[in-house]
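The values are calculated or read from the model by the stated rules, or taken from the named source; none is laboratory data. The structure presented is a predicted model; accordingly, all values stated were derived computationally and were not measured. FYI the Cβ positions are ideal-geometry reconstructions off the backbone, even for glycines, and counts take in every protein chain you see. These area figures cover heavy atoms from the full protein model, side chains too; ligands, DNA and RNA do not enter into them. Shrake-Rupley method; radii C 1.70, N 1.55, O 1.52, S 1.80 Å.
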Amino acid sequence: MKKLLLKREFGIFVLLLVLCIVVAALNPKFLGAANLQNIGRLIGMYGIFSIGIGLVIMTGGIDLSIGSMVALLGVELAMLLPHLAWPLAVLAVLGTAVVLGGLHGLLITRLGLQPFIVTLCGLLFYRGIARFIANDETKGFGDARGFELLQNLATGRVLGVPMPLILLLIVAAVMWVVLHRSVYGRYLFAVGRNEEAARYSGINTRRMIASTYVLSGAFAGVSSILLAFYTNSISPSSHGNFYELYGIAAAVLGGCSLVGGEGSIFGIVIGTALLQVLQNLVNLLGIPSSLNFAVMGAVILIGVVADRLLKNR
Amino acid sequence: MIRSKGALLELQAVSKRFAGVVALSDVALEIHPGEIVALIGENGAGKSTLMKILGGVHQPTEGVILVDGKQSAIRSVNDALGFGIGFIHQELNVLDNVDVAGNIFLGREPVWGGPLRLIDEGKIHREAKKYLDRLGMRIPTGALLRDLPIAYQQMVEIAKALSLNTRILLMDEPTSSLTLSETERLLSLTKELRASGVSIIYISHRLSEVKEIADRVVALRDGRNAGGLSREEISHDAMVKLMVGRDLAYRQPQPAKETRPRLEIRGLRTQRYPKQEISFDIRAGEIVGFAGLVGAGRTEAAQAIFGADKPVAGTIRIDGQDLKITSPLDAIAHGIYLIPEDRRKTGLITSMPIRENTTLASMERYSTGGLIQFGAERTASERYCKEFRVKCSSIEQPVKNLSGGNQQKVILAKWLSLAPRLLIFDEPTRGIDVGAKAEIYDLMRKLAESGVAILMISSDMEEVLGESQRVVVMHEGAIAGSLDREHCTEQAIMNLAVGHHAQV
């Protein structure tokens with residue numbers, strides 16, 4: 001029990017509950033069905049790519065390219081859907097995501113480039129390409145037909161629960177097993193904690209590291225489809241801006257260490273939820289929306305400082 | 001104690017203990033102006049500790065240091081510099097992204113511009129050139145250190161020491177990374193420094209260098225004075241005798257029964273010594289001691305066999321089968337396991353529990369369809385802990401909380417759950433207490449009896465002589481020789497290790 005209380009995930013979970021209670025007390029609208037559904041949808045969409053970024057961070061890497069990737073993949077989806085059957089368009093989007101992630105992985109593990117640099121170049125490159133292929137015009141789905149099922153999968157609800165949240169729960173459940181119950185997960189933590197010792201134990205460390213970038217890309221692909229239908233119009237210069245930072249913040253809040261070797265799926269999901277509740281709080285409590293980022297930054301800082309002080313005690 | 005007049009520096013009855021371990025005991029040393037004193041001894045004899053005391057890095061636990069006949073305390077590196085004691089470390093201490101002049105005057109840059117404290121570029125280069133000229137060095141003072149060969153970087157360090165008005169220069173294995181001609185140059189420079197009145201304490205394992213330049217030899221053995229030699233008395237044999245000097249009683253290990261070679265290494269060239277070819281065999285069930293001085297290339301050879309470092313060339317054959325080893329993964333697949341020297345860096349994942357460390361290399365046994373069978377893993381880990389007598393509160397304890405000996409046992413458990421054909425131990429008992437040492441030797445012998453080939457890298461002479469059935473000695477990247485049980489003496493190993501091919 002004592003061990004549980006000391007875990008970062010638990011502290012952040014308590015913080016989330018307290019925040020929810022405070023906001024609900026100040027503005028009962030917080031608990032309204034429409035508001036909860038909207039938060040749930042956002043948690044779902046952000047949570048999926050945050051899990052991907054979290055995996056990368058657990059190996060001691062970083063993925064800065066996600067926001068631009070979401071924009072590029074959104075543009076790709078919007079441009080393909082009028083011409084292709086939707087399953088093929090989805091496959092193309094996910095395929096692009098996996099290939100780009102794999103490319104990051106190869107550059108990092110084969111050429112020994114720093115993850116920060118590789119994915120920073122990705123951030124710049126994909127944004128530029130997205131704007132170029134879209135002619136810098138906002139892309140939408142207009143009145144094109146034939147992919148209602150996909151639209152429903154991305155934006156619908158089951159028993160009142162938004163689809164993105166259901167998808168997140170499925171992804172989180174699968175990744176929980178993978179990370180905390182499988183050999184892959186064991187190796188991932190081993191590589192994150194001590195890459196050399198892992199290599200000396202016969203683990204293919206390069207393949208392990210590269211695989212997390214592939215997963216990060218793939219999850220960004222899934223999120224990008226959900227986000228495209230959520231916004232319903234993709235402005236290539238702003239769509240997905242800063243999303244990589246939401247992912248990194250969620251992972252760090254949820255107990256991942258940027259040095260690697262630490263973290264959990266539960267923590268990342270809670271971290272994502274916390275960020276979304278904070279955004280919601282700014283709206284509901286009438287705080288000027290220009291302070292949005294300031295509130296988020298302050299709360300993350302307080303969380304991390306509190307965690308450090310508690311640990312040092 | 002006799003006080004000789006005019007000693008620049010004198011140590012009387014200096015002792016140093018680290019957490020109960022005696023590194024130096026009752027050591028005396030005296031340095032006179034303008035002489036080169038060579039300090040010799042085996043690995044771990046206390047040479048470096050003594051140098052660090054003189055350089056202000058360590059404080060003696062007991063004893064007196066006299067500088068110019070006055071009792072003095074050298075409490076820091078700055079104190080040492082103040083007394084005119086300069087230290088050239090074995091590992092160079094230069095900033096490779098800064099130029100020559102900047103390195104010489106690091107922290108003492110001539111400045112101008114009042115509060116702006118701008119570096120006086122003209123002056124710093126003029127002054128630097130002065131010291132380089134004194135060393136007969138013709139290199140541009142604006143060259144970045146990383147663009148210079150190691151030998152020149154070392155000269156820059158010496159120039160820096162001179163600029164600090166050094167009267168006593170401590171040189172710890174200054175030639176260990178120099179080529180032959182660079183070494184020649186350094187030796188003649190050392191002599192020039194002596195002629196200009198600087199005294200030098202010179203540590204080297206290379207006895208031919210010592211013979212060439214030393215005015216006097218002081219030997220340390222097990223942290224104590226082991227005697228000295230005057231200029232006329234210096235010879236290879238006399239020095240080796242001083243360094244070794246003791247008699248050991250060993251048990252004779254059983255000779256290996258098998259005769260077929262388990263491991264055959266042919267023409268192996270490592271990245272550290274790409275020009276030297278290594279070839280040797282190990283029979284199944286044989287314990288081969290791998291002796292040599294620190295830096296002789298033994299670890300590099302082991303890393304190459306294990307696939308941790310890519311060899312430049314060479315073939316590795318096990319049980320007659322040619323292997324292509326490009327990563328530890330390949331080596332492990334063929335039953336070649338390494339128990340590395342640096343347990344915390346490469347042997348274990350110290351923040352993970354014992355359980356996860358013992359099974360890390362054999363996860364496929366404790367999983368089905370990629371999912372871990374935690375029950376089976378726990379049972380196996382508990383069994384190994386019991387079998388190897390790992391002292392722990394539970395298998396969930398992180399290995400960083402274990403003692404060195406118990407950590408070593410966890411690494412052994414990791415490999416022995418697989419089927420080893422060749423085990424490479426790199427300094428198997430370094431930092432391990434006597435009790436655990438005996439257990440590890442016992443295990444090693446049992447493994448050999450069960451047919452495992454063992455390559456044991458060790459700098460501990462007692463260990464090499466006590467545990468090996470055969471000893472292969474390396475010297476500067478090459479195999480200097482191989483000694484059978486009956487020819488294996490400390491003296492013979494030492495002779496080969498210092499590159500002095502004795503008749504055996």
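Data overview
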quantity	calculated
Expected 222 nm ellipticity per residue - DSSP helices of 4 or more, -39500 (n - 2.57), all of chain B, to 500	-9000 deg cm²/dmol
Residue with peak Gaussian network fluctuation, chain A [Cα springs, cutoff 10 Å], from A:145, A:41, A:131	A:145
Acute angle (nearest 10 degrees) that the helix B:150-163 long axis makes with the longest principal axis of chain B, alpha-carbon atoms	40
Those lysines that a straight Cα-Cα span of less than 17 Å connects to residue B:129, excepting residues fewer than 8 apart in one chain	B:160
Space enclosed by the convex hull of the alpha-carbon atoms of segment B:9-244, per residue, Å³	134
Shape of segment A:58-157, Cα gyration tensor, a/c cut at 1.5	prolate
√(5λ) per eigenvalue of the Cα gyration tensor, the protein assembly as shown, largest first, Å	59, 35, 25
Two-decimal log10 I(q)/I(0) for chain B, as the Debye equation yields it once each C-alpha is a single scatterer, q = 0.08, 0.10, 0.11 Å⁻¹	-0.60, -0.90, -1.04
Segment residue B:260-residue B:97, length gained on full extension (0.36 nm per residue, minus Cα span)	53.4 nm
Highest-MSF residue in chain A out of A:146, A:60, A:240 [GNM, Cα springs under 10 Å]	A:146
Relative contact order computed over chain B (Cα-Cα under 8 Å; 6+ residues apart), in percent	15
Long pairs among B:47/B:211; B:386/B:437; B:70/B:241; B:324/B:414; B:16/B:70; B:409/B:446, criterion Cα-Cα beyond 26 Å	B:70/B:241
Spin-label pair residue B:17/residue A:177, simplified geometry with 7 Å Cα→Cβ offset, distance in nm	6.0
Computed over segment B:413-504, Kirkwood Rh from alpha-carbon pairs, angstrom	14.3
3J(HN,Hα) from dihedral phi, segment B:323-333, Karplus parametrisation 6.51/-1.76/1.60, rounded to Hz, x for glycine, proline	10, 10, 10, 10, 7, x, 3, 5, 4, 5, 4
Average beta carbon contacts from partner chains per residue of A:182-188, 10 Å cutoff	5
Summed buried accessible surface, chains B and A, 1.4 Å probe, nearest 100 Å²	2000
Cβ neighbours within 10 Å from other chains - mean over A:200-212	5
Check: chain A dipole with +1 on Lys, Arg Cβ and -1 on Asp, Glu Cβ, in debye	900
Residue-normalised accessible area of segment A:26-111, expressed per residue, 1.4 Å probe, Å²	34
Helix B:374-387 vs. chain B, principal-axis angle (Cα, 0 to 90°, nearest 10)	70
Spherically averaged projected area of segment B:261-497 from its Cα convex hull (nm²)	12.4
Percent accessible area from carbon and sulfur atoms, segment B:261-497, protein chains only, probe 1.4 Å	48
Cα-projected label distance for residue A:238 with residue A:306, points at 7 Å along beta-carbon direction, nm	3.3
Residues whose placed amide H lies under 5 Å from that of residue B:480, excluding near-sequence neighbours	B:473, B:474, B:475
At R0 = 51 Å, FRET efficiency that the Cβ-Cβ distance of residue A:161 and residue B:333 yields, to 0.05	0.60
Segment A:1-78-segment B:440-487 distance, computed between alpha-carbon centres (Å)	58
Euclidean distance of C-alpha centroids, segment B:156-217 and segment B:322-389, integer Å	47
Segment residue B:230-residue B:57, length gained on full extension (0.36 nm per residue, minus Cα span)	59.4 nm
FRET efficiency estimate (nearest 0.05) - Cβ-Cβ, residue B:120 to residue B:393, R0 56 angstrom	0.35
Positions from segment B:364-393 whose accessible area shrinks by 40 Å² or more when the full protein complex is built, not the chain alone, probe 1.4 Å	B:371, B:372, B:374
Given charges at Cβ of Lys, Arg, Asp, Glu: segment B:9-244 dipole, positive-most of B:131, B:115, B:226	B:115
FRET efficiency estimate (nearest 0.05) - Cβ-Cβ, residue B:241 to residue B:28, R0 25 angstrom	0.80
Relative packing of B:148-159, A:81-92, which averages over residues the other C-beta atoms within 10 Å, highest first	B:148-159, A:81-92
Cα centroid of segment B:36-96 to Cα centroid of segment A:191-240, whole Å	52
